[in-house]
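S.K.: This structure is in structure tokens; I'll ask about it shortly.
The values are calculated or read from the model by the stated rules, or taken from the named source; none is laboratory data. Model, not experiment: these values are computed from the prediction. Virtual Cβ from ideal backbone geometry, glycine too; neighbours counted across all protein chains shown. Accessible surface is based on the protein model in full, side chains and every heavy atom, while ligands, DNA and RNA are left aside. Shrake-Rupley method; radii C 1.70, N 1.55, O 1.52, S 1.80 Å.
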Amino acid sequence: MQKSKDLDFKIFKELKETNNYLSGQNIANKLKISRQAFWKHIKNLNDCGYKIEAIPRRGYKLKYSPDKPYPWEIRYKLGTKFTGHNVYFKEKIDSTQDFIWQLGQAGAPEGTVVLAGKQKKGKGRIGREWVSPKGGLYLSCLLRPKKILLKDISQIALVIALACIQAIEQETGIRLSVKWPNDIFLNKKKLGGILCQINAEADKINFVAIGLGININTKNLPEEATSLFLERKNKVSLVAITKKIIGKIEQRYLELEAGKSKELLEQWQEHCFLWGNRLRVKVFDKVIEGEAAGIDQEGYLLVRRDNGLTEKISSGDVTKVM
Ligand code: BTN
């Protein structure tokens, strides 16, 4: 299986990097595979929506690539140390989050990524459903932090939101904002969200499963949500944006592991639109109301109540009170 995945990547790379026609025989020799095996991989690419021109005695030329985050597309010139090197794409899945969890339990390497074209049972925060039609980005990533302590784990979710925001801003030039802990907003509407699930025992973190759902080219969305396509009236390359996000996740995560939480949380705060506003925060059955006062060094939300006391909130659902 791994060999076949590697060949998919190597053949795709050869096609991408050949301006002229690629000789089937030469490439089969180079990769030490049979002509039939080579042809099987070309057929697979065709079945995936690529258009590969085949001219007898000249060879093969890549004419068109669909904008889908196939593993070979993601790995090609990704430029990360480990994130996205082991990558899966499923056209349709129940939840990428369930899949990455299984991979995490089976010992998959740090930086493993699962992507899907759509999800049938997408999971949101606080037990909600994440409706996941075609056109969106559905990504789960496996992290195995070594330096981050369990008590500081909330910082990961915040830093991943920062990474996504920075990647999308750089790729599109659009300014985004964040609502604590990690809802991504564009023009006062929700563009995406992040689910962070932890597998830990006592105070040892086994792994963290990060799930991102971002409305990229999604067309039909409820009133309170938006997509990059709906705002720009133009399609955004899902492949390009996915690669950018993976790259930024790794950068910001490595900075966090290197002890740079203070600087990262400051950058996160600059993107947050809640400060000074009156908030209502639902924490399980309890509702806390007050003014958004900031976050502490662990990433907890600080809410100043009318009686002057400040509440420290580790997780909850925030709404602005008008
Ligand atoms: C939120 O509620 O704001 C977080 C939504 C997270 C959705 C993503 S989509 C990819 C991954 N797989 C899931 O089932 N959920 C997360």
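S.K.: Return a yes/no flag: does the range 71-91 have any residue that is within 13 Å of the ligand (Cβ to nearest atom), basic (Lys, Arg) and more than 21 Å from Phe9 (Cα to Cα).
M.R.: No, there is no match, as no residue in the range 71-91 is within 13 Å of the ligand (Cβ to nearest atom), basic (Lys, Arg) and more than 21 Å from Phe9 (Cα to Cα).
S.K.: For the subset of the range 110-125 comprising residues that are assigned to a loop (DSSP other than H, G, I, E, B) and more than 11 Å from the ligand (Cβ to nearest atom), which member is most open to solvent (accessible area, probe 1.4 Å)?
M.R.: Glu110
S.K.: Restricting attention to the range 75-98, which residues are buried (at least 23 other Cβ atoms within 10 Å of the Cβ), in contact with a helix residue (DSSP H, G or I) (Cβ under 8 Å, 6 or more places away or on another chain) and not in a strand (DSSP E or B)?
M.R.: Answer for the range 75-98, where residues must be buried (at least 23 other Cβ atoms within 10 Å of the Cβ), in contact with a helix residue (DSSP H, G or I) (Cβ under 8 Å, 6 or more places away or on another chain) and not in a strand (DSSP E or B): Thr83, Gly84.
S.K.: Let me ask something else about it. Looking at Ser261 and the list (1) in contact with a Leu (Cβ under 6 Å, 6 or more places away or on another chain); (2) in contact (Cβ under 8 Å) with a residue 60 or more places away in the chain; (3) more than 18 Å from Ile194 (Cα to Cα), which single condition is not satisfied?
M.R.: (1)
S.K.: Name the single residue, out of those in the range 164-179 being touching a helix residue (DSSP H, G or I) at 6+ places or on another chain (Cβ under 8 Å) and not β-branched (Val, Ile, Thr), that is nearest to Ile249 (Cα to Cα).
M.R.: Only one residue fits best here, namely Cys164.
S.K.: With the requirement that a residue be within 16 Å of the ligand (Cβ to nearest atom), over 24 Å from Leu78 (Cα atoms) and of a type in the set (Ser, Thr, Tyr), what does the range 209-268 give you?
M.R.: Across the range 209-268, the qualifying residues are Thr218, Thr226, Ser227.
S.K.: Taking the stated definitions as given, is Trp130 under 25 Å from Ile168 (Cα atoms), in contact (Cβ under 8 Å) with a residue 24 or more places away in the chain and aromatic (Phe, Trp, Tyr)?
M.R.: Yes: the conditions hold for Trp130.
S.K.: Give the range 38-55 a look and list any residue that's open to solvent by 30 Å² or more (accessible area, probe 1.4 Å) and aliphatic (A, V, I, L, M), or say none.
M.R.: Ala54, Ile55
S.K.: Inspect all residues belonging to the range 160-174 and state whether any of them is within 16 Å of the ligand (Cβ to nearest atom) and open to solvent by 10 Å² or more (accessible area, probe 1.4 Å).
M.R.: No; the residues of the range 160-174 include none that is within 16 Å of the ligand (Cβ to nearest atom) and open to solvent by 10 Å² or more (accessible area, probe 1.4 Å).
S.K.: Can you tell me how many residues within the range 225-280 are of a type in the set (D, E, K, R), under 20 Å from Pro181 (Cα atoms) and crowded, with 20+ Cβ neighbours inside 10 Å?
M.R.: 3
S.K.: Which one is farthest from Ile245 (Cα to Cα), of the residues in the range 175-192 that are open to solvent by 10 Å² or more (accessible area, probe 1.4 Å) and within 14 Å of the ligand (Cβ to nearest atom)?
M.R.: In this case the residue turns out to be Lys189.
S.K.: Next up: Among the strands (runs of 3 or more DSSP E) confined wholly to the range 156-265, which include 2 or more residues that are β-branched (Val, Ile, Thr) and not assigned by TED's automatic domain parsing to the domain that holds Ala293?
M.R.: The strands (runs of 3 or more DSSP E) meeting that bar are 189-201, 204-214.
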